[in-house]
Protein chains: 2
Amino acid sequence: METYTGIPKELKLAVLERIKPSGSEREKLLTIQEELALQVKAAAERLGIPDVVVKMVGSAARGTWLSGTHDIDIFISFPEETPRKELETMGMAIAKEVAKHAEHAEDRHAEHPYLNIIYKGFDVDLVPCFRVASASQIKSAVDRTPFHNDFVKPRIKGREDEVLLLKQFMRGGGVYGSELKTQGFSGYLTELLIIHYGSFENTVYAACSWKPGEKIDIMQHSEIKHEEPLVVIDPTDPKRNVAAALSLDKFCMFIDHCREFLKSPDLSFFFPAPLLPFEDSEILERLESRKSAQLAIVFKTPDVVEDVLFPQLYKMEQAVAALLKEYDFTVIKTGVWSGKTETAVMLELISGTLPNVKKHVGPPVWVKIHAEKFKEKYQTADGVFGGYIENGKYVFEIQRKYPTAKGLLEDRLMSCSLGKQVHQSVNEGFEIIENAEICRLKESDFRVFLRKWM
Amino acid sequence: METYTGIPKELKLAVLERIKPSGSEREKLLTIQEELALQVKAAAERLGIPDVVVKMVGSAARGTWLSGTHDIDIFISFPEETPRKELETMGMAIAKEVAKHAEHAEDRHAEHPYLNIIYKGFDVDLVPCFRVASASQIKSAVDRTPFHNDFVKPRIKGREDEVLLLKQFMRGGGVYGSELKTQGFSGYLTELLIIHYGSFENTVYAACSWKPGEKIDIMQHSEIKHEEPLVVIDPTDPKRNVAAALSLDKFCMFIDHCREFLKSPDLSFFFPAPLLPFEDSEILERLESRKSAQLAIVFKTPDVVEDVLFPQLYKMEQAVAALLKEYDFTVIKTGVWSGKTETAVMLELISGTLPNVKKHVGPPVWVKIHAEKFKEKYQTADGVFGGYIENGKYVFEIQRKYPTAKGLLEDRLMSCSLGKQVHQSVNEGFEIIENAEICRLKESDFRVFLRKWM
């Protein structure tokens, strides 16, 4: 593999200085990990549960965590033949024993229940899993994680800094994180990229020329075709694309971030200046200069995790844009913001109003039966301005049902296909606010969102 | 041929009573025709021009003129071998001799020069032509007319009333007249329809089921393929479609007129109530209820005949609509009105203004060279609001060049492809007036046009 040397060493060092865990941070994390491992074992013994193995996984276990992220993943592994129900009961029982020493504990639920605790300031997930023979025989998605650990750990040794650089670089470009809100790169994916390309530099150079369909298959064992923009075959499972969650736009944003970075390598690509919240005056000034129509659909934030909420919000964004288009409004762009209490689907339109008159084109005059039906229906209807023939077709100028986007949304939003929790929340009440009324939303995080939006 | 009897006889009689020339009208016209024929012959003799034959053609000669239309067509026919230049000189010399007895004379020009005179209140065209052996060997378009006369006259005998009914019915439907302004049915075409279908009723019934491509070939001698909506092969020329000038919309309007008429046969289909000019208050009321944007491009009416002017105006209509569309304005409809002094191209738009911001979509990020060029161009350009990636493509929000339709037209109208005389006139000056400003156009005929338009 070719090695590029275009990125100043000092820049990398300056970045690492800010993101690489210090000796004491490292030591503290290792101590806590061991402490917790012992507690899990002790709890299993106390509860008389045999055959439990404790596995430390994730970036903490692999030495690839960014300084300041205090996440520890501890997997409580049961024999493969354990019945699912039993695994859940016993796993959670052990986790809850451990939680007795924690500052805070919270039941969570992915494919299985698991326990999230705050322990001495660390954010710890205690996750029951099956101990299967290989990653292709997993019984639950989490069973895969220990295999990832086994693959990465020996291969990343000595290149942990490269992973840290890539992670922070992706964070700076807004593409780090594989949650459904971000649809970016997962930590495991960055590690595989470093293993494949050898270094941060090589990855950045390579990505500049990526095209959708880019495929990386370290083990050369790919079995099926994938349609995602980036395909990185899981070394532990030939059927799985590790980059399946990466959206086309995040894929492209990363390419763009790499290209711009190589033009002028700079600390700001890792640590962009934080955006200030938009002031009321800035909102008004921007409305005046853009002269488009800004609408926000505001409703109570549904009480669900982001991985459930955001797919529903993105779906809503699409559905609302389709509704507006169906009724002749021209959407410039759509966006989604969600805060603790309120959520807003943002819409920018060419105009929030349309004329009362709407041109309704019917069938060609010579398609006799259809044409006659069409004409009969409209020439006697209420609110018809007039009719004529254009390009051989009957055309009626009819009264537009929804001359304002606000009116349309107020009347028809509930008929859009919305996800369960979003539907519930919207059904309880929503508000359409327009242009200057948007100043009513004061949350600082929303105002930061607005700075990018407008 | 099936004969329908669904149209009340009394209705036809009532129509004929108003349109059929009376005995005295007929007599007067015949007298004038003979008088003029003698004068043409006398003039030819006086000027020493041999071998001149006088031919009475047109509806006056065939007894199919509508009462009150005082048009006489007299063809001055020269031997085929006469040189073109000579025919023009001698023909016009004879015509000008005749014109000495006329109230008024005016040189006109189609393919050849001809003379239009007012003679005892009649509108007379004196047209020099070649005496060719058959209509397929004509040297000039007018040479065909005597052959039409020879074909129609013996076959229409006894069915003149049917022709009159059909002509008046078409007039009532706004589809009579084959000038380039109207693009409807010519007199000769109505006569052929009656010869083919046998009667007014039969024609109306048949037309209800016409489709584009409808073909009538009385002599069964068609030689080439025609693309026009209605194809009526000229019985005197197997290559010619008599209905070539009929537009698709006029074809459809006639079909529609026939269908509506048969639903409730009524005098109004022949004599629609005249439209009253739109008052200022009506214009304002209609603007308020439609809430669309009305624009008029107003300029001095070019000093050319309608057959030259209207094709240019229709072309302008298309060009202006394309220009507006290119700059993101949505055209509801376009129209053309031309009066003695002023001409207006009318435009109805969804809105006459657009936001300042315009979304400019570039190439996909992965098409590296193009994408980089695009980005470079826009990220440093003036008046760019911002950029982002959407569906894998760079998008920049740029300053719209023309946020108003009026500004666009004022700046770019002259770059549209306009016909010669219209271009000249527009170049001398034009004005874009909007909405209520349209009240400034006071001509009664324009106000009648507006009643249909709005």
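Observations on the structure shown:
- Cα gyration tensor shape for the protein assembly as shown, rounded if a/c is under 1.5, else prolate or oblate: prolate
- Inter-copy label distances at B:GLY121 (7 Å, Cα→Cβ; nm, one decimal): 11.4
- Comparing Cα centroids, the range B:326-354 and the range A:13-53 end up 74 angstrom apart.
- Beta bridges per DSSP, both residues in the range B:20-143: antiparallel share near 65 percent.
- Loop trypsin sites (Lys or Arg not before Pro), the range A:227-302 (other Cβ atoms within 10 Å of the site Cβ: 16 or fewer; DSSP): A:LYS291
- Cα shape, the range A:357-399, gyration tensor, a/c 1.5 rule: oblate
- Across peptide A:251-259, the average count of Cβ atoms from other chains found within 10 Å of a residue's Cβ is 4.
- Label-to-label distances for A:LYS215 across copies, nearest first, come out at 5.5 nm, using points 7 Å from Cα in the beta-carbon direction.
- Neighbour cut-off at most 11 other Cβ (10 Å), DSSP loop, trypsin sites (Lys or Arg not before Pro), the range B:107-174: B:LYS157
- Dipole of the range B:20-143, positive end: most advanced residue of B:ALA93, B:PHE122, B:ALA110 [Cβ charges, Cα centre]: B:PHE122
- Unit charges at the beta carbon, dipole of the protein assembly as shown: most positive-side option, B:LEU30, B:LEU246, A:GLN294: B:LEU246
- Which of B:SER140, B:SER186, A:SER264 has the fewest Cβ neighbours within 10 Å, and the rest in rising order: A:SER264, B:SER140, B:SER186
- Ranked A:LEU11, A:LEU87, B:LEU165, B:LEU38, criterion: other C-beta atoms within 10 Å, fewest first: B:LEU38, A:LEU11, A:LEU87, B:LEU165
- Between the Cα long axis of helix A:9-19 and the first principal axis of chain A there is an angle of about 90°, rounded to the nearest 10.
- Per-copy distances of the A:GLU103 label point, shortest first, in nm (7 angstrom along Cα→Cβ): 10.8
- Sequence-distant lysines (8 or more away, or on other chains) whose Cα lies within less than 16 Å of A:LYS139: A:LYS85, A:LYS239
- The C-alpha atoms of chain B define a longest principal axis, and helix B:23-46 lies at about 80 degrees to it.
- For B:LYS368, neighbours were defined as the other residues whose beta-carbon sits under 14 Å from its Cβ, and their charges (Lys and Arg +1, Asp and Glu -1) total +1.
- Backbone amide hydrogens, once placed in the peptide plane, bring B:GLU390 within less than 5 Å of B:VAL395, excluding anything fewer than 5 places away on its chain.
- When peptides A:229-237, B:357-365 are ranked by their average number of other Cβ atoms within 10 Å per residue, the highest-first order is A:229-237, B:357-365.
- Distance from the B-onto-A rotation axis is smallest for the Cβ of the chain B residue given, in whole Å, as B:SER351, 3.
- Three-way shape label, the range A:137-242, alpha-carbon gyration tensor, a/c 1.5: rounded
- Shown for B:SER425, B:SER351: other C-beta atoms within 10 Å of each C-beta, ranked fewest to most, produce the order B:SER351, B:SER425.
- Under the convention that each Lys and Arg Cβ holds +1 and each Asp and Glu Cβ holds -1, the size of the dipole of the protein assembly as shown around its Cα centre is about 580 debye.
Every read-out reported here was derived from the displayed coordinates using simple, explicitly stated rules and does not represent laboratory data. Only a predicted model underlies this, so the values are computations on that prediction, with no experimental measurement involved. Using ideal geometry, Cβ is built from the backbone for each residue, glycine included, and neighbour counts are taken over all protein chains shown.
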